[in-house]
Amino acid sequence: MVSVERVSDIATNPDDDDFLKPLDRRIDEYAYWEQQIDAVLCLLVKKKLMNLHNLRQGVESIEKSLYNKLTYYERWTISISKHCLESGLLTQNDLNEKYGSPLYSTNEQLFHVGDYVRVQHENYATRWIKPHLRTPGYLYGKIGVIERFCGVFPNPEYYAYENNDNKEHYQPLYRVRFNQKDIWNGYQGNSDDTIDVEIYQHWLLSASQTDLLKTEVITEENDHEHEHEHDDDHDHVHEDRNIIEQRAVDREGNPSSIQHLAESLINALLDKKILTLDELRRQIETIQMAGISLNGAELVVESWLNPKFKEELLKNSTQTIKQFLKLENFNTTMCIVENTDQIHNLIVCTLCSCYPRQLLGLPPGWYKSRSYRVRVPRNPREVLKEFGTELPDDMKIQIHDSTADLRYLVLPRRPKGTENWSREQLIPLVTRDAMIGVCDIKL
């Protein structure tokens, strides 16, 4: 009898070096896209659109040479994508709209000297990833003029990868001229200074096709801005920003093409309304908080049930928390801020990641991310929308930047319809995200 070798059955079919590897007992935080893929599977199973057998079959169908190169959630991504296409949840066009159509070869010249063109953004122009892209990011969304046609050349973004189709891939190449003051915010040179850049055709759109798009403004960061990590203990050394950023890059590594596929799959499912942002957020939070008791939820529910306690909590937060939760070693100076029908509170630490761990557990990766810390003070409504939270236009948003020794916790509004609920019924409603302020509590 012939035994079929299954790629996932590594106990039966181990590689030689599997015996040489020591156990890795480190607890690493998964990348956010990996958490999203985990959540996508859970939601599709809950909606009876997929099951674990579908997932396993998809994983086991991956060719062994590829399987061994992939990480855990990269295999999941391929399997879920395959199922969504085969089951008809998504079409190939649905996915291509987000992922980018496959690279094609052409020698047809679409632009001529004097034509105005706009440079496409990375996720629209190609399905490949940095650092193999040959178009600099500072040009994304910018309008320039064709200075010359350089000829037709092999496309480096294709040949940078191992491909087995034995086809030649070519793209027309142009020199595109841009005005420096349109590229760099606060440019100090003359108004007619220009920069010429060589750009392949698949990165370019006719400017007339995109004249309704807003021209990007690249803002230079404040030279005084710095990066450092800490939580409740503020005694720390401010490291050089470049060192910290490089460490973050080294830890995260370059994004993979499978990560791009994962993000494209998620966006396609959202566009088709198969999933919603709020469902995805809730599921990710459930995964992250599994097995963790939120002391903060006890405070919120007690405030809902006991007006006198709520008054004391808002007036004398630290002492009230310490006494109510019986936390002898609670030395954090707390400030409780209450959401109302007129005000929505949102917490951030723009300098690092200050966070009340004793009340909310470990800070989520997105709270510590550079993107969250930069964007919340500048455009909180857009950030809230990414969590599925849309507030009335007349509601005030109050940002609390935890830059020093205070820690903040949002007291969410009690949802309507819970007036007769018991404490045991209310506790599960209160989430970490609601106490940070990125969402409201909904039934």
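Things worth noting here:
- Number of positions in the range 104-122 that are among the hydrophobic types (A, V, I, L, M, F, W, C) and either modelled with pLDDT of 95 or more or in a loop (DSSP other than H, G, I, E, B) (or both): 3
- Of the residues making up the range 79-103, those that are touching a residue at least 12 places away in the same chain (Cβ under 8 Å) and either under 30 Å from Q201 (Cβ atoms) or not in a helix (DSSP H, G or I) (or both) are S81, L89, L90, D94, L95, E97, K98, Y99, G100, S101, P102, L103.
- Considering residues of the range 407-441 that are under 23 Å from the mean Cα position of the chain (by Cα) and in a loop (DSSP other than H, G, I, E, B) only, the residue nearest to L360 (Cα to Cα): T431
- The single condition from (1) modelled with pLDDT under 85; (2) crowded, with 18+ Cβ neighbours inside 10 Å; (3) of a type in the set (D, E, K, R) that E29 fails is (2).
- Test result for L280, over 13 Å from T431 (Cα atoms), part of a helix (DSSP H, G or I), at pLDDT 95 or above and not acidic (D, E): no
- Residue that is modelled with the highest pLDDT [pool: residues in the range 330-351 that are in a loop (DSSP other than H, G, I, E, B) and buried (at least 20 other Cβ atoms within 10 Å of the Cβ)]: N339
- Picking from residues in the range 61-78 that are in contact (Cβ under 8 Å) with a residue 24 or more places away in the chain and more than 20 Å from D38 (Cβ to Cβ), the one that is most open to solvent (accessible area, probe 1.4 Å) is E63.
- Candidates L313, L327: the one that is in contact (Cβ under 8 Å) with a residue 12 or more places away in the chain, open to solvent by less than 70 Å² (accessible area, probe 1.4 Å) and assigned to a helix (DSSP H, G or I) is L313.
- V376 meets each of the listed conditions (1) surrounded by fewer than 19 Cβ atoms within 10 Å (Cβ to Cβ); (2) of a type in the set (A, V, I, L, M, F, W, C); (3) free of Cβ contacts under 8 Å to residues at least 40 places away in the same chain apart from (1).
- No other residue among N68, N96 is modelled with pLDDT under 90 and under 22 Å from the mean Cα position of the chain (by Cα) apart from N96.
- Counting the residues of the range 173-189 that are open to solvent by 60 Å² or more (accessible area, probe 1.4 Å) and either among the aromatic types (F, W, Y) or part of a loop (DSSP other than H, G, I, E, B) (or both) gives 4.
The values are calculated or read from the model by the stated rules, or taken from the named source; none is laboratory data. Not measured: the values here are computed from a predicted model. Every residue, glycine among them, receives a Cβ derived from its backbone with ideal geometry; neighbour counts consider all protein chains shown. With ligands, DNA and RNA removed, areas are computed over all heavy atoms of the protein, side chains included. Shrake-Rupley method; radii C 1.70, N 1.55, O 1.52, S 1.80 Å.
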